[in-house]
Structure formats: C-alpha cells, structure tokens
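Data block below; observations after.
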Amino acid sequence: MASVMEAMDASATQFAESVHTSIAAPTGLLGKLLEHVNGWSIFFTLLATAVVYDQVSYRINKANLAGDTWKIPFVGPFLESVNPEFEGYRRKWLSGSLSCVSVFHKFVVIASTRDMARKVFNSPAHVKPCVVDVAHKLLRPENWVFLDGKAHVEYRKGLNGLFTRQALETYLPGQQEVYREYFAQFLRITKANHDEPKPFVYQFRELMCAVSCRTFVGHYLSRDQVTRIADDFYHITAALELVNFPIIIPFTKTWYGKKAADKVLEAFSNCAAKSRLRMRQKGAEPDCIIDRWIVQMMESERYNERIAKGETVPQEEKPAILLRKFTDLEISMTVFTFLFASQDATSSACSWLLQLLADRPEMLQKVREEAHQLRPDPSQAVTMDMLENMPYTRACVKETLRYRPPVIMVPYIVKKSFYIAEGNYTAPKGSMIIPSTWLSLHDPDAYVDPDTYDPERWISGTAEEQGKNWLVFGTGPHYCLGQTYATMNLMLMLHMLAAEFEWRHQITASSEEIRVFATIFPMDDLLLSFKRRTDIA
C-alpha cells in the first residue's frame with residue numbers, strides 16, 4: 001500500500017506531467033515580463049505616472065481660465081518666478097480677468113480686474129490672507145493676521161485706537177526726529193561720494209524702517225538695533241517672496257528669513273516689557289504705538305476691577321475700547337506685522353515719489369510753495385493741522401501710490417470651494433488666489449490717461465470719486481489698518497525734505513523700469529544726490 005506521503009506526492013500520480021505543465025506556463029510568462037524589470041524601469045514608470053497626474057490635475061483646475069495649455073512638469077514657471085519681471089506679471093494680468101499658473105504643488109488663480117479683485121477682497125467666507133506658505137513659520141501661526149471671522153474682527157477692534165487722529169498726532173514728533181537725523185546722513189553720504197548721485201533705495205529702506213520702529217516702539221530700540229532690524233528685514237522680505245521653497249532648508253532664503261524673524265520678534269518682545277514698566281510710572285505719557293496699546297490695556301484692567309468690586313462706573317469713565325491682556329509675544333507679533341506691512345511698501349513709495357518729483361521740477365516747486373505758506377520756518381515742528389492742509393502734497397503722494405502702487409498683488413488662500421460667477425469658475429479649496437491692484441489703478445475709465453503721472457487729477461479731476469478703483473490699501477475686512485498713517489507719513493517726509501533740501505536724480509535707461517522685490521522699485525536703484533537749499537533763510 002502506498003504511503004500517505006506518496007499519495008500527497010503529485011509526481012506519483014498519473015497526472016504529474018500535466019500538473020507541471022499547467023504551473024510552468026504562467027510562471028514562464030511572468031518570467032518573461034519580469035526579466036526586463038529593474039530599478040530604472042520602475043522609476044521611469046512612476047515618473048511618467050506622476051507627470052500625467054500633474055498635467056491632468058492642472059488641466060482640471062485650469063478649466064476655462066486663461067493660462068498655459070500645459071505646465072512644465074512639477075515646477076511650472078518656477079524659474080521665471082524666482083527672478084520675476086514686471087512685464088511678465090503685466091502680460092498675465094492682461095491675458096484675462098482670471099488667469100492661472102501652477103508652481104510646484106500650488107495652483108494659483110490671478111484676479112486682475114477691479115471687479116475680480118474686489119470679489120476676492122470681499123469674500124472672507126471663502127478666502128483669507130496667506131502671504132506665502134512659509135509665512136506661518138516666520139510670522140508665527142498664532143499671529144493675528146491669520147485669524148479669521150469673529151476672532152479677527154475682535155482683535156482688529158482692539159487695534160483701531162492706535163491709528164486715530166489723536167494717536168497719529170502723538171507719533172509726529174518722533175517721526176520728525178528720525179527724518180532730520182537721516183536727512184543729515186543723506187548729506188554726508190552725498191559729500192563722501194563727491195556730490196555725485198549714488199543708489200539710495202537701500203538708504204530709504206533703513207529710513208522707513210527707522211521711522212516705523214520709532215512710531216511702533218519709540219525709544220525702546222537703539223539706533224544700532226534699528227539698523228540691524230532693517231538689514232534683517234531684507235532677509236525676511238526675501239523669504240516671503242511669492243515663490244519660494246515652502247519648507248525651511250538650511251542656508252536658503254527661508255532659513256535666513258526665519259532666523260531674522262526670530263531676532264526681530266525677540267527685540268519687539270523686549271520693547272513691550274520695557275513699555276509696561278515705563279507706562280506704570282507716574283506722569284508717563286505714551287509716544288509710540290506700544291505705549292498707547294499698553295495704556296489702553298491698563299485702563300481696561302482698572303475698569304474691570306471696579307466692575308468686579310460691584311462699583312457703578314459712570315458711562316463716561318468706561319474706556320472707548322475694552323481690551324483683554326495681551327502678552328509681550330502677542331504685542332511683538334502684532335508690531336512685527338505692522339512693520340512687515342509698512343517697511344517695503346513705504347520704502348517703495350518714497351523711492352518713486354522722490355524720483356517722480358525730481359524729474360518734474362515744476363511739480364516739486366508747487367510742493368515747496370505749499371510748504372512755505374504753511375511753515376515758513378523749516379525748523380518749526382510739523383503738526384497734524386498742517387498736514388491736513390496740504391492738498392498738493394497729498395495729491396502727489398496719492399498719485400504716486402496710484403501710478404506706482406507698492407503692493408501689486410495680495411495672496412489669499414481658498415478656504416473652501418469659491419465660485420466666482422463673473423468668471424464662471426470655481427477656485428478649488430487649497431489653491432491660492434491673488435487679486436492684483438495694478439489694472440484697477442490704471443483703468444482709463446476711472447483715471448484719464450492713466451499712464452501719466454498727474455497729481456492734479458486729485459485736486460481738479462475726478463480721481464477722488466473712484467473709490468471702487470482705489471485698491472492701494474485693499475478693501476473688505478482685511479483692508480490696511482494703517483492707510484491713513486502711511487499716507488500722512490509719506491506727506492510728512494516729502495514736506496520736510498522739500499522745505500529744506502534739493503535732490504538731484506540721475507536718469508538712466510532703466511530709471512522707469514520696474515524691479516519686483518515683494519514691492520516695486522526703480523530698476524536702477526534710484527541714483528540721487530542731496531544738498532541743502534540755498535534759497536531759504
């Protein structure tokens with residue numbers, strides 16, 4: 001009798017040969033398929049699949065938008081975006097009211113016209129400001145600018161009191177102090193350069209950083225600290241360019257930007273701590289934004305303590321705005337965003353302002369005549385009443401902001417699918433949508449001959465009536481909180497400089513060309529020289 005093992009041995013059966021044949025056939029076929037498979041073939045197969053997925057995803061998101069039919073696999077127009085050219089942006093804006101690009105993993109929708117831009121600005125339920133991917137790491141994710149809905153509205157309410165007319169007037173003495181110091185420095189720079197023009201864009205970056213720091217944190221920072229912050233902020237701006245690595249890799253722009261941001265936040269936190277100590281001293285008066293903010297917190301704290309004790313507090317003794325206690329870090333993060341919003345924008349605006357007026361001496365003369373009428377003695381302090389009675393100086397500032405808007409686009413992130421009826425398009429969740437300000441501010445239907453610099457349009461023309469087109473400071477719930485401060489600050493700078501100094505601009509072939517570095521600057525970095533006026537007493 002055969003053993004059990006023999007019974008289980010297929011080779012002992014009469015079907016052995018057929019069994020082996022049935023097994024060998026598929027094995028042979030599979031072997032032929034696999035004999036050409038190796039690491040490279042797997043890699044290229046996966047790569048081809050990823051390329052196809054990337055293109056299909058782009059085409060689905062693109063839908064009916066203006067834009068390239070196909071994208072460069074994965075990177076898209078990354079190399080163009082690393083060194084952006086203004087004309088490239090302009091062509092994109094003119095290609096359609098809604099257009100698109102896709103860079104790395106990010107699909108970007110561009111809203112170019114006034115109506116499309118306003119649609120984005122006024123849709124907080126669907127979008128929120130995002131700056132760029134790395135912004136959360138630099139500005140900190142808990143920063144107030146990333147708050148949404150009611151939380152953002154409540155936080156913003158607490159900041160409104162820092163930019164009232166009364167508050168702005170208390171900042172004026174410190175701003176004038178900084179301007180006088182730097183104007184004297186401009187004279188020394190020119191003298192050292194044998195009275196020849198030299199690039200001044202970087203001096204204006206430091207000047208505007210110093211003015212902002214004096215306004216925001218007063219004398220709690222030394223001049224050396226301000227200079228270091230101005231230098232550091234260059235790295236922060238570079239890290240927050242529209243296209244950059246979304247992760248922080250050592251020795252890249254984002255890495256240097258993060259290190260600089262940490263140092264600035266620490267410096268501002270120290271300023272907040274110093275202000276808390278000073279403002280508790282008897283007779284201390286606020287002369288900067290941090291001081292005023294802490295005074296408002298102290299007033300709110302005293303009011304709440306009285307209420308807690310059961311005291312009936314007269315309505316007139318209730319603070320205009322009741323604030324909670326903010327930590328030094330919260331104050332620091334908020335001031336950091338103020339500086340981020342003002343530093344590059346005002347540096348850009350004052351650069352163009354001085355170039356445009358130097359090249360148009362008849363307009364500069366009108367600014368000087370207005371200055372002399374209001375303040376015949378240039379050593380006299382400038383007051384808020386004076387600034388409010390400078391229609392031509394104001395017109396020059398507003399026309400500069402229109403003609404060369406510092407912020408040409410504002411990145412938003414799409415929180416949930418965002419249908420834009422005017423464009424019959426739905427922006428997908430997670431995509432970036434960027435409203436542009438340029439076309440609205442150069443709209444011939446709103447501004448006659450928009451590519452001509454003409455301050456008179458703000459005095460005798462209809463420019464002031466074009467509120468829907470005036471998107472320099474945005475609109476909607478995230479409009480710029482400091483727009484009055486920014487305008488007054490530029491007016492103060494122009495008024496003081498024109499009253500006492502002459503400046504000469506060396507025109508080059510690239511003076512009118514635009515260089516994009518977060519904001520916009522003259523391509524040749526603005527060649528200027530300065531001297532004191534000799535036609536005043």
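What follows is calculated from the coordinates using simple rules that are stated; it is not laboratory data. Remember, predicted model here, so these are calculated numbers, not experimental data. All Cβ positions, even for glycine, are placed from backbone atoms using ideal geometry, and neighbour counts span all protein chains on display.
Here are a few things to note about the model shown:
- Value of relative contact order over the chain, rounded to a whole percent, pairs C-alpha under 8 Å and six or more apart: 21
- Two-site FRET efficiency, K198 against S41, from Cβ-Cβ distance with R₀ of 60 Å, rounded to 0.05: 0.50
- Theoretical gain in end-to-end length, E513 to D535 [0.36 nm per residue, Cα-Cα removed]: 4.6 nm
- The trypsin sites (Lys or Arg not before Pro) of segment 487-537 meeting both criteria, a DSSP state outside H, G, I, E and B (loop) and at most 12 other C-beta atoms within 10 angstrom of the site's C-beta, are R533.
- Projected over all directions and averaged, the alpha-carbon convex hull of segment 395-435 occupies 3.9 nm².
- Chain lengthening between S379 and R324 when straightened (0.36 nm per residue, less Cα-Cα): 15.6 nm
- In this simple spin-label approximation, N160 and Q281 carry label points 7 Å from Cα along the Cα→Cβ vector, and these lie 3.3 nm apart.
- Farthest toward positive dipole pole in segment 73-139 [+1 Lys/Arg, -1 Asp/Glu at C-beta], among H136, S123, C100: S123
- Cα long-axis angle, helix 201-217 against the chain (0 to 90 degrees, to the nearest 10): 80
- On Cα atoms only, tilt of 289-308 relative to the major axis of the chain in degrees: 80
- Among the trypsin sites (Lys or Arg not before Pro) in segment 275-382, those located in a DSSP loop and surrounded by at most 13 other Cβ atoms within 10 Å of their own Cβ are R280, K282, K309, R324, K325.
- Think of each Lys and Arg Cβ as +1 and each Asp and Glu Cβ as -1; about the Cα centre, that makes the dipole of segment 155-230 roughly 260 debye.
- Taking a ≥ b ≥ c as the square roots of the eigenvalues of the alpha-carbon gyration tensor, segment 137-191 is classed oblate because a/c is 1.5 or more while a/b is no larger than b/c.
- Separation of segment 376-414 from segment 462-534 is 7 Å, based on Cα centroids.
- Each label point was placed 7 Å from the Cα along the Cα-to-Cβ direction; for R302 and T452 their separation is 5.8 nm.
- Computed over the chain, the per-residue total of -39500 (n - 2.57) for DSSP H runs of n ≥ 4 gives a 222 nm mean residue ellipticity of -17000 deg cm²/dmol, rounded to 500.
- Unit charges at the beta carbon, dipole of segment 398-522: most positive-side option, N489, T519, A421: A421
- DSSP beta bridges in the chain [antiparallel fraction, %, rounded to 5]: 85
- Cut-off 12 Å between beta-carbons: net charge of the residues surrounding A395, Lys and Arg +1, Asp and Glu -1: 0
- Gap separating the Cα centres of segment 259-285 and segment 77-155, nearest whole Å: 32
- Simple Cβ-charge dipole of the chain, Lys/Arg +1 and Asp/Glu -1, about Cα centre, in debye nearest 20: 980
- Helix axis angle, 483-500 relative to the chain longest principal axis, alpha carbon, degrees: 50
- A simple spin-label model places pseudo-atoms 7 Å from Cα toward Cβ; at Q506 and A66 they are separated by 3.9 nm.
- Legend: distances between Cα atoms for K274/K325; K71/K106; K128/K258; K198/K263; K119/K415; K274/K309; pairs beyond 19 Å are K128/K258; K198/K263; K274/K309.
- Full extension of the segment from E311 to N83, taken as 0.36 nm per residue of separation minus the current Cα-Cα distance, would add 75.8 nm.
- Approximate shape of the chain as ellipsoid semi-axes (Cα gyration tensor, √5λ), whole Å, largest first: 57, 31, 23
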